[in-house]
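The next block holds one structure in the form of structure tokens; read it before the comments.
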Amino acid sequence: MGGYAAFVWPSLGLTLVVMLGLLLSTLRQLRARQRRLAALEAEGATRRPRGGSLAAAAPGDAPTVTRSRENERSEEAAS
Amino acid sequence: MHRFANPARFTRIADRVLPFVAVATAAALGVGFYMALFVAPPDYQQGESVRIMYVHVPSAWMAMFIYVAIAVASAVALIWRHPLADLAAKASSPIGAGFAFLTLVTGSLWGRPMWGTWWEWDGRLTSMLILFFLYLGHMALMHAFDDQQRGYRAAAILALVGVINIPIIKFSVDWWATLHQPASVFRLDGPTIHPSMLWPLLITAVGFKLYYVTVVLLRIKSELIAARLRALDLARLKAS
Amino acid sequence: MTLFEGRNLDCRRGGRDVFAGLSFELPAGGALLLTGANGSGKSSLLRMLAGLLRPAGGAILWDGQPVGEDPGAHAARLHYLGHLDAVKPVLSVRENLRFWASLREGAEGQGAEGDGATAEDAGGGEAVPDDSVLGESGRLEAALDHFALGDLADVAGRLLSAGQRRRLALARLLAQPAALWLLDEPSVGLDHASVGRLAAAIAGHRARGGSVIVATHTALDLPDALPLSLDALAPPPLPEMIW
Amino acid sequence: MKGLVIVIGRDLRLALRQSADAWLAVLFFVLTATLFPFGVGPEAATLRQIAPGVIWVVALLAVLLSLERLFLADFEDGSLEQLLLSPLPLEVAVLGKVAAHWLTTGLPLIAAAPLLALLFHMEPAGLLTLLLAMLLGTPVLSLIGAVGAALTLGARRGGVLIPLLVLPLYIPPLIFGVGATESALSGLSARPDLLLLGALLLVMLLVAPLAAAAALRQALE
């Protein structure tokens, strides 16, 4: 590496470490969430037929994703 | 517009696409890195150290590209209230911050033999440092609210303000750097690019972009499950 | 004849469906009395009708036009009284009121000329100042007097009691006319006499053709108010699943 | 226009009745700047060289310090939702509040700047340019700061978050502001820097009220 090995290899190495690290942490979080979801759904207390009589105009095809931070934090702490 | 808003459909499409993208990412990065390390010729001025360019320059491109992508997603989220756009913005900023960080560190590692210092207040590196701070602000604001919906909105507005400011920052930093810098300093830049260097660079860049697609799809999927978990938690809370 | 209308309104807050499929119609001079348990969404509905909160579904119409098309015009025609009094501690009572009134000058509410009914018919108690006779400052003083704040006009906001601050917030309703009043628990902290003054102010407003929507737990004298209970509109115990 | 004046007048009156807040920024400005001679030594040549940069950086931090209270009191006591529901467009109300903020923060800083120039042995030749640059630059600081203050309303640790959001965006006015002063001191024309600062002010006059108003709307939802 013409005397530059000490700079070239760390550059590539660090790039790989950061990219793989981000990928692995994403996968780990995804797996943890999938496991929790599976557990909850196995528990059975999941869903009820949608569109109750009062909610006649239930927003069926445009679901809104909403969330609250507290849950997320506790869940991240759990994972 | 809301055709892909259905989370089940999104997950289905993502699951179908992901294996191909992942394989393509691995292939492009493998070939790109191999060419960068062993095939590309050394630069006549910078010698072997030019190999750092093959990770430094694509990282810089990605850091800029992802911020623009976040701004586009933010605009979509604010105008059409498309829920997936919010998730895409949230999923993207850690990846962008990662690439900005890599640009800075590889720039420093490249600059050490070229400039003789670990850090030079060079216009490009300084702009990248500011971009890195913008990413950190975006991530911090995203997580600063008890109501995640507010985090999405606030971060989206910040991203749009940021994307308007980036050209201004870039211009002002270049203006400042030319005032304060002797012209003799090396610029961390693709030197006059010869095809034998261009190919490895392009292949690595494609690999980086595919990597982004892979990870962002996985992260959006993960966020969707998190949203579902929260809805279930809330339901149990209400039932009890 | 319907002036203000909500159709199939859905409300979602913090990932939870608060109410769904809410509809109402309100004629000029009409009153709507919102009732419901804590958390049934009375405040959210009022914020939605004011334009502070975007409905998750449904439409809000004024004179047949969706209010979202011109939020500025909608804001100009309404008074919203929330839980907070918007009283600045370092400004005097009169200065506080004058600021909010002066922001509305020139943007007169359309409710001033009503259909038919006269103030004497419905007013009952104290007479409410007639806009056409009084100038801007006269109306301001009359608003202060109506809520018995005349003697406190030069007192700084920080010295007011909770009830007095509430009365100052209520005086905003009279200081400048607006066709629609949206009142969220307007009688909180008020003594018996002040509740009577509030009822008289609402009656006068309605007599002049104004409409009012009130959410309250306490008894408030509102003749022929249409009741609207939000309890029946609560969605099933499990919220709509995301998918 | 009339609404703008009303909002400015009200905020000015509020600021004057609580004048301690307004003094705080100027006090911070002068106090922080006097730390530098202890840090770098009292040699006149050194101080002269760093004077424009120190004055600008410290001014920027002083403005930063004052940002949190820009919307917070109005947010907490319900005035902000009344302002949003007034016939006045929220963007205009924001502009009025920013103008009042500048009058009570930026303008006193400009008034105090000659004192610092004196303490740092700055050449009198640069003083006029410094003041002119601050006249163009401090409104930019208030405008950008308003966006940050509006975005962090209701956030956890809002006050700590504002610097993280706002400081990167403060770099262009800092560069042009210092650039103008240094050009004047070294006998060059300060015109390009001042023009750029003016252009930045125009852009921010357009962008910041829009962004801040959008941020306030979502904060009140």
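When you restrict to C-alpha pairs under 8 Å that are six or more residues apart and normalise by the size of the stretch D:2-220, the relative contact order lands at 27 percent. Charged side chains reduced to their Cβ positions (Lys and Arg at +1, Asp and Glu at -1) give the stretch D:2-220 a dipole of some 240 debye around its Cα centre. Neighbour counting of Cβ atoms within 10 Å sorts the residues D:Glu91, D:Glu182, fewest neighbours leading, into D:Glu91, D:Glu182.
Mind checking the dipole of the protein assembly as shown: about its Cα centre, +1 per Lys or Arg Cβ, -1 per Asp or Glu Cβ, Debye to the nearest 20?
For this selection, approximately 2560 debye.
A full extension of the chain between D:Phe38 and D:Arg156 corresponds to an added length of 38.9 nm, given 0.36 nm per residue minus the alpha carbon distance.
Amide H contacts of C:Ser229 (H built 1.01 Å from N, in plane; Pro and chain starts excluded): C:Thr35 sit under 5 Å, all sequence-distant by 5 or more or on other chains. Over chain B, calculate the relative contact order: mean separation of alpha carbon pairs under 8 Å at least 6 apart, over the residue count, as a percent. Relative CO of chain B lands at 33 percent. Going by neighbour counts of Cβ atoms within 10 Å, the residues D:Ser142, C:Ser194, C:Ser137 line up, fewest first, as C:Ser137, C:Ser194, D:Ser142.
Shown for chain D are the DSSP H helices of 20 Å or more along their axis, judged by Cα atoms, with a mean Kyte-Doolittle hydropathy of at least 1.0: D:19-40, D:44-66, D:124-151, D:171-185, D:191-220.
Just list whichever of C:Lys42/C:Lys88; B:Lys90/B:Lys170; B:Lys170/B:Lys221; C:Lys88/D:Lys2 have alpha carbons separated by over 28 Å in the model shown. The pairs that break the limit, which is 28 Å between Cα atoms, are B:Lys170/B:Lys221. Of the residues C:Ala232, B:Ala91, C:Ala143, the one whose Cα sits farthest towards the positive end of the charge dipole of the protein assembly as shown is B:Ala91 (charges of +1 on Lys and Arg Cβ, -1 on Asp and Glu Cβ, taken about the Cα centre).
Specify whether the C-alpha gyration tensor of the protein assembly as shown places it in the rounded, prolate or oblate class, a ≥ b ≥ c being the square roots of the eigenvalues: rounded for a/c under 1.5, otherwise prolate if a/b is larger than b/c and oblate if not.
Oblate, since a/c reaches 1.5 and b/c is not below a/b.
Placing unit charges on the Cβ atoms of the charged side chains and taking the dipole of the stretch C:1-67 about its Cα centre, the candidate lying farthest along the positive direction among C:Leu9, C:Pro27, C:Ser44 is C:Ser44.
Amide H to amide H distances under 5 Å link D:Leu188 with no residue, where only residues 5 or more positions off or on other chains count and H is placed in the peptide plane. For B:Ser196, neighbours were defined as the other residues whose beta-carbon sits under 13 Å from its Cβ, and their charges (Lys and Arg +1, Asp and Glu -1) total 0.
Relative to the Cα centre, the charge distribution of the stretch C:1-90, modelled as +1 at Lys and Arg Cβ and -1 at Asp and Glu Cβ, gives a dipole magnitude of about 380 debye. In loop segments of the stretch B:196-240 as defined by DSSP, there are no chymotrypsin sites (Phe, Trp or Tyr not before Pro) with at most 13 further C-beta atoms inside 10 Å of their C-beta. Each of C:His146, B:His82 was scored by other Cβ atoms within 10 Å of its Cβ. Listed from fewest to most, they are B:His82, C:His146.
Every number here is computed from the coordinates shown, using simple stated rules; none is lab data. Note that the coordinates shown come from a computational prediction; the quantities given were computed from them, not determined experimentally. Positions of Cβ are generated from backbone atoms using ideal geometry, with glycine treated the same way; all protein chains shown enter the neighbour counts.
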